[in-house]
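Just below is one structure, and these are the notes that go with it.
The values are calculated or read from the model by the stated rules, or taken from the named source; none is laboratory data. Note that the coordinates shown come from a computational prediction; the quantities given were computed from them, not determined experimentally. Glycine gets a Cβ as well: all are built from the backbone with ideal geometry, and neighbour counts include every protein chain shown. Heads up: the accessible areas ignore ligands, DNA and RNA and are worked out on the full protein's heavy atoms, side chains in. Shrake-Rupley method; radii C 1.70, N 1.55, O 1.52, S 1.80 Å.
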Amino acid sequence: MRLNLVIFFLLLTLSGFSQNVLDVNYSNTPLKVVVSDIESKTQLLFSYKETVIINKKVTLKANQMALEDLLKRIEKQCKVRFQYVSDKQIIIKPLDTQITICGYIFDASTNTPLSYADIIILDKPKIAVSDNDGYFEINDVLTTDIVRIQYLGYRTQEYQAKTLINTSCKNVFLSEDSELLNDVIINAYITSGLDKSNDGSTTITNSEIGVLPGQSEQDVFQSLATIPGITSLNESVSDIQIRGGNKDQNLILFDDIKLYNTGHFFGMLSAINPHIIESTKVYKGGASPEYGDRISGIIDLSTTRAIPDSTQFGFGINGTHLDGFIKAPLSDKVGVLFSLRRSYVDVVTTPTFNAFSEKVFENTSLFIDEDGSIEDENDEGSETDSDNTFYFFDTNMKLTFRPSSKDYIGISGLLTTNNVDFLSTFEEDNILDQLDIENRGISAVWVHNHEKLSYATKAYFSSFESAYNNSFSNEGITEEQNNRLNKVEDFGFSFNLSYSFSKKHKAKIGYQFSNNDVFFNLSRQITDDDIEDDERNFNSTAQNSNTTHTVFGEYVFKPKENSFMSFGLRTSRYSVFNDFYIAPRLNIEYPIFNFLRLKATAERRYQVISELVQFEDTQVRLENQVWTLSGIDDIPLLSSTQFSGGVILNIDDFIVDIDAYTKQIKGLTSFTNGFTNATQDFSEGESDIFGIDVLVKKSFDRLNLWAGYTFNDINYTFNEIQSTSFRGNNDITNNFRLSASYDLKKWQFSLGWNYRTGSPFTPVESFDTDNDDINFGPINSQRLPDYHRLDASLVHKFELSKNDKVTGIFSISLQNIYARQVPLSVFYRADTNPSTATEELNRIEQLSLGFTPNATLRVNF
């Protein structure tokens, strides 16, 4: 209401001002005297430079002339322009001369004309397109206007209009931009903003991405799950598994900062604010040798490199948190980006948070008899009460410098934190979980582009710390205490040099240095008299570091349009092994016809840092992963060899993309793959993976239909655990997703159904109540129930101002509409029955997400 009154009185004031009338009588009067006379008769205040009004004179006689008409007459006589900066203040500016501009646009390396280049007059709705000869012409342009010339795949150039005057049309030469993304061969590969590049990667552009089932707002990691070959077994955004690889085998970068924690609230939400991410490149295989350190997929997130034209900010609220961001130019060469998010569920709970909390904390407990059979639900193991304190927080900041048209300098920083304090009350037991996770990082990048030569220098620092305490108590007496502390510090720098011999030939070489310092302490204290002395206490501490020196090279050949052939080599020396490791890369995509492409990749990779996963030795419920280095306790170096081949068919908005691949991973351990529930001894093994990814999509006028299918056959071999091979923990034989989206102007709707085979697990054959010994059956010989759920989303976009400068988005998402819940994982715990005082075995099942509604409201300025 107050705002409406302010606007009303402001309009009333302006209306009254516009009706001012004056009597004037000027005869060859200097403009400076005229301005003083108008100021004395009105409330106006004029500002100007002496050079603008010098030698300007006015001759004018009139009675009761409206002020607006008077100023227009003076503008015309004196060739000046009056610019209002407030209702009482006017700046006098020189009147720019209108001209016609023209030019010819050429490729700088071949001198061939570039047709259909865009010529834009900044801050004005004037745009032209070059013709087949590269020629353009625009009339009625001011001499001081800035003209931007841009062409896809080339570096943008800007000129002052007076340098393009039509008396001598200028030749403009554009150079290829090595920093641009590779050519996009399929726009809207799955939905708008999710495109396919000719190097086999998938590009996600956040500002353009369409609505996806079950999402109330854009989330890169949730969007990844729509791509065949990428899945999350436990429904979390931090458990992204690509082509049978574990989550820690993915290299995840945020503005060149390595991320060791990507999720809030145990992966239910992304740890990176999606509204500041400009684009993401995802490789399932065949990535450039510039990417290293991991043996599975690549997820490279980037914020904007542009200086914003004006200050932009936005804020939003959904079912778990608040967020806000600001992008602003500090000058024409410096820009800043800042974002902030924080959950509010430690103050107010919502249905969304309750559904997440139930999935993470509330497990189903089943009773296992001496023969290993499930008899009935163990009521005494069901949670009856809980006290939960939880919050997360993240912030990002970036400074962007453009000292010249050829240079880019960016400095980025991030901080993410999670804090959980959860007390579960059972009939006779209390379980306390306390967890703090923090990920910090900073990076600096300098990129210089010349005609054919470009180089980039990068440096980064990343720090990860996780502190976890888990305790069991009975009647106020602590029976078991488990503590975990894990720290990782990772820093490094790199330099690369790229040279474009021509449009078809390009080479890149580079050097990378990185240092990893890893510390972990795992401890357990047991006061239960029923536990043997050798199992009572456990303490393991390790601290080690590794330095890696890497030299890489890559040659890219493009024999024809939209083709891509990359041959690369990466050589690394790891200090923990004091040896060199060579990793070759091959990536080929070639169009046989306009509608048919063939593709193939071959690569070898190495990984020196990974996560240990331990289960039954500590009985922890939440945080059972710690980062560690190879070489500690004889943990081997991870290596993978992958081959893939496929075809892409693209005819009239009908897409079929098929990939078949085989991958062998060596250096796996029984700890890293969670087999400590079958044996306490360390063992080394390997996995063999065969898979097929299929995407079928058809687009109509406003309707998109797509189906994704992944077949996986993952076999583990651990001779010290089992003499025969067995299914891998992430062996999901069939994964099928069917989705549809409909776009109706400002409304978008999406519906999706996901089905997949249940995860393998190891059954219990018998339980010795006297010694608390668990006799496990064949490893991963049984499967949990098949998983499926139905999701939907509705998005409405609206404007809050007539000039579209203030926009809003309201969205609703529904996950698991028919509320079907199945176990996603199981583990076992021996416990004393309070009624019979006998030992019994409980099978603890973590259930899938129940019905989860969410809503988001965003406003952008």
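Numbers for the structure displayed
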{"read-out": "Solvent-accessible area per residue, Å², over the chain with all protein chains present [probe radius 1.4 Å]", "value": "44 Å²"}
{"read-out": "Most to least accessible of Lys398, Lys797, Lys805, Lys745 (protein chains only, probe 1.4 Å)", "value": "Lys745, Lys805, Lys797, Lys398"}
{"read-out": "Label-zone membership for the range 427-465, site Leu847, 7 angstrom Cα→C-beta point, backbone N under 11 Å", "value": "none"}
{"read-out": "In nm, spacing of pseudo-spin labels at Phe654 and Lys802 (7 Å Cα→C-beta vector)", "value": "4.9 nm"}
{"read-out": "Val764 long-range amide H proximity, modeled H, under 5 Å", "value": "Gly777"}
{"read-out": "Helix-only CD estimate at 222 nm, as mean residue ellipticity for the chain, using -39500 (n - 2.57) per DSSP H run (n ≥ 4)", "value": "-2000 deg cm²/dmol"}
{"read-out": "Peptide ranges 323-329, 155-161 listed from the most packed, as the mean C-beta count within 10 angstrom indicates", "value": "323-329, 155-161"}
{"read-out": "Highest average packing first - 691-701, 757-767, Cβ atoms within 10 Å", "value": "757-767, 691-701"}
{"read-out": "Leu847, Leu744, reordered so the largest accessible area comes first (probe 1.4 Å)", "value": "Leu744, Leu847"}
{"read-out": "No Cys partner within the rule (Cβ under 4.7 Å), the chain", "value": "Cys78"}
{"read-out": "Net +/- balance of residues flanking Ile692 in space, Cβ distance below 12 Å, scoring K and R +1, D and E -1", "value": "-3"}
{"read-out": "Gyration tensor verdict on the range 209-347 (Cα atoms; rounded if a/c is under 1.5, prolate if a/b is larger than b/c, oblate otherwise)", "value": "oblate"}
{"read-out": "Out-of-range pairs (alpha-carbon distance over 24 Å; input Lys258/Lys558; Lys258/Lys487; Lys247/Lys697; Lys196/Lys698; Lys32/Lys93)", "value": "Lys258/Lys558; Lys247/Lys697"}
{"read-out": "Computed magnitude of the charge dipole of the range 457-530 (debye, nearest 20; Cβ of K, R +1, Cβ of D, E -1)", "value": "1500 debye"}
{"read-out": "Point-charge dipole on Cβ atoms (K/R +1, D/E -1) for the chain, about Cα centre, debye to 20", "value": "8200 debye"}
{"read-out": "Label-to-label distance, nm, for residues given as Phe315 and Tyr499 (7 Å Cα→Cβ offset)", "value": "5.4 nm"}
{"read-out": "Global size of the chain as Cα Rg and Dmax, reported in angstrom", "value": "32.4, 116"}
{"read-out": "Carbon/sulfur fraction of accessible area - the chain, other protein chains in place, 1.4 Å, %", "value": "53 percent"}
{"read-out": "Kyte-Doolittle at least -1.0, axis length at least 20 Å by Cα - qualifying DSSP helices, the chain", "value": "2-18"}
{"read-out": "Listed residues Phe221, Phe810, Phe577 arranged by accessible area, highest first, probe 1.4 Å", "value": "Phe810, Phe577, Phe221"}
{"read-out": "Radius 12 Å from Cβ of Leu337, net charge of other residues (Lys, Arg +1; Asp, Glu -1)", "value": "+1"}
{"read-out": "Length released on extending from Thr163 to Asp634, taking residue separation times 0.36 nm less the Cα-Cα span", "value": "162.8 nm"}
{"read-out": "Sum of side-chain charges, Asn515 neighbourhood, beta-carbon under 10 Å (Lys, Arg +1; Asp, Glu -1)", "value": "-3"}
{"read-out": "Dipole-positive endmost among Ser739, Tyr391, Ile190 within the chain (Cβ charges, Cα centre)", "value": "Ile190"}
{"read-out": "Protection-proxy order for peptides 813-822, 211-220, 725-734, each taking the mean of Cβ atoms within 10 Å per residue, highest first", "value": "211-220, 725-734, 813-822"}
{"read-out": "Per-pair calculated FRET efficiency, R0 = 51 Å: Lys333 and Asp23 via Cβ, rounded to 0.05", "value": "0.55"}
